[in-house]
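Data block below; observations after.
The values are calculated or read from the model by the stated rules, or taken from the named source; none is laboratory data. Here the structure is a predicted model, which means the values were calculated and not measured. In this analysis, Cβ positions are derived from the backbone assuming ideal geometry, glycine residues included, and neighbour counts consider all displayed protein chains. Side chains are part of the model used for accessible areas, which takes the heavy atoms of the whole protein and leaves out ligands, DNA and RNA. Shrake-Rupley method; radii C 1.70, N 1.55, O 1.52, S 1.80 Å.
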Amino acid sequence: MGNHGNQVQFQVYQTMHNPDPDRLPVIFEEWEEKAREVLADGPYYYVAGGAGGESTIKANVQAFDEWKIIPRMLRNVEKRDLSIELLGHSLKFPILQAPIGVQSIIHPDGELASAQASAEMGIPYITSSAATVPMEQISTTIGEAPRWFQLYWNKDPEVTASFLKRAENAGYSAIVITLDTPMMAWRENDLKNVYLPFLAGEGVGNYFTDPVFCSRLSQSPKEDPTAAITQWTQTFGNPGLTWEELSFIRKHTTLPILLKGILHPEDAQLALEHGVDGVIVSNHGGRQVDGAISALHALPLIQEVIQDQIPVLMDSGIRRGADVIKALALGAKAVLVGRPCMYGLAVAGQRGVREVLRNLTADLDITLALTGESTVRNLDASHLYKM
Ligand SMILES: Cc1cc2nc3c(=O)[nH]c(=O)nc-3n(C[C@H](O)[C@H](O)[C@H](O)COP(=O)(O)O)c2cc1C
């Protein structure tokens, strides 16, 4: 129990007579503008852009505006508790860092910087299969800090099994299987900029250090990077997968399994029937299907099916504390934060990501209090009005 938000607020106002020349932004839009200034077109649009005409990106953000918070009064919100229980672990905040690959294109310190910022904040870090740095190095860098591993289900089943084994050995405590990316979407900006970082050897750290992946090559990735990248392009996505094959993953890991990219209520039902441990309602930040349902619109439809039998998480459009409140009120147990952290990374590396997370959690704490609740666990749809 505490008042994290007021403490952060106080620290900021204390600098009134002693301004910090290196002061970082507070406002999400300002982080994005500053990231635009430091990143070249290729990397910037790879992060900020999405599928087709990018209508899903817009829908994700607009959806939050359709729900309004109805604050309650006189409810003693002096001490607040932002913590939750998730898959048997206690988390300080209902927030995780979304899996994001190829962070070396954003900042030279890449995933190591964002993972360390997460660790400093006690926010679980979800390592992407497409990290530039191998999953073991991220683990070693953050020590005992909480972490999950996100799996891109490789066409080569033995590579998939190897990733699962490595994640378990490296101390990851859950597996997130991202289902919405059996192939890269039609991303107009990346095509315009002729930009796909994997082809330049970025974002392949897990693959190029994998004993099974490397056993498929006649020379090591170091000796013949072109052949290794070609092997990667031929095996990265797996559009032939079906629900029945989830049993393969279960066979190869004892860790809890969450499915990321669930948007249709019938898929939520299938997730339950296949015995997974959680779902993440997400449209990949609008990067996969143009014109898709916003994640926030999908969330209550999914929760109606799941009925709290397993945790429902969500991402795609979380920018501010009020967004977290709305997602939790609509049934999310926790949210994942994606692009805001990446703009923080672009602008100021580890310090930038930490600042983004510190501001988001402070905003959440204060907005929770002003909504009239002292714990995030009490948020429900009675706090919301749909426009
Ligand atoms: C640059 C970039 C790379 C991403 N890479 C991955 C990835 O490797 N694996 C994954 O499951 N999701 C990936 N995502 C999607 C995020 O996990 C998350 O769903 C998305 O960022 C949420 O949207 P928002 O950031 O607009 O809130 C990526 C997103 C971005 C912006």
Scan the range 78-93 for residues that are more than 13 Å from residue 4 (Cβ to Cβ), open to solvent by less than 60 Å² (accessible area, probe 1.4 Å) and touching a Ser or Thr at 6+ places or on another chain (Cβ under 9 Å) and jot them down.
84, 87, 91
Consider only pairs whose beta carbons are under 6 Å apart and that are at least six residues apart or on different chains; among these, list those whose first residue lies in the range 142-160 and is at positive phi and whose second residue is outside any loop (DSSP other than H, G, I, E, B).
none
Quick check on residue 96: is it at pLDDT 95 or above, out of contact with any helix residue (DSSP H, G or I) (no Cβ under 6 Å at 6 or more places or on another chain) and crowded, with 18+ Cβ neighbours inside 10 Å?
yes
Is it fair to say residue 312 is under 15 Å from the mean Cα position of the chain (by Cα), more than 10 Å from the ligand (Cβ to nearest atom) and in contact (Cβ under 8 Å) with a residue 24 or more places away in the chain?
yes
Name the single residue, out of those in the range 129-150 being within 23 Å of residue 93 (Cα to Cα) and touching a Phe, Trp or Tyr at 6+ places or on another chain (Cβ under 8 Å), that is most open to solvent (accessible area, probe 1.4 Å).
146
Scan the range 151-164 and give yes if some residue there is open to solvent by 40 Å² or more (accessible area, probe 1.4 Å) and of a type in the set (Phe, Trp, Tyr), otherwise no.
no
Assess whether residue 24 counts as being open to solvent by less than 70 Å² (accessible area, probe 1.4 Å), farther than 20 Å from residue 295 by Cβ and in contact with an Asp or Glu (Cβ under 6 Å, 6 or more places away or on another chain).
yes
Those helices (runs of 4 or more DSSP H) completely within the range 155-271 that have 1 or more residues that are closer than 21 Å to residue 311 by Cα and among the hydrophobic types (A, V, I, L, M, F, W, C) are 246-252
Identify all residues within the range 114-151 that are β-branched (Val, Ile, Thr) and over 16 Å from residue 355 (Cα atoms); write none if there are none.
126, 127, 132, 133, 138, 140, 141, 142
Kindly indicate the residue of the range 283-309 that is open to solvent by 40 Å² or more (accessible area, probe 1.4 Å) and over 24 Å from residue 68 (Cα atoms) and also farthest from the ligand (Cβ to nearest atom) among those meeting that condition.
309
Checking 249, 262, 280 in turn, the sole residue that is within 16 Å of the ligand (Cβ to nearest atom) and surrounded by fewer than 23 Cβ atoms within 10 Å (Cβ to Cβ) turns out to be 249
Scope the range 112-126; condition more than 9 Å from the ligand (Cβ to nearest atom) and either open to solvent by 10 Å² or more (accessible area, probe 1.4 Å) or assigned to a strand (DSSP E or B) (or both); matching residues
112, 116, 119, 120, 121, 122, 125
Counting only residues in the range 192-242 that are over 17 Å from residue 161 (Cβ atoms) and among the β-branched types (Val, Ile, Thr), the one nearest to the chain's Cα centre (by Cα) is identified as 204
Counting only helices (runs of 4 or more DSSP H) entirely within the range 1-111, those with at least 2 residues that are within 16 Å of the ligand (Cβ to nearest atom), more than 19 Å from residue 353 (Cα to Cα) and among the polar types (S, T, N, Q) are 55-66
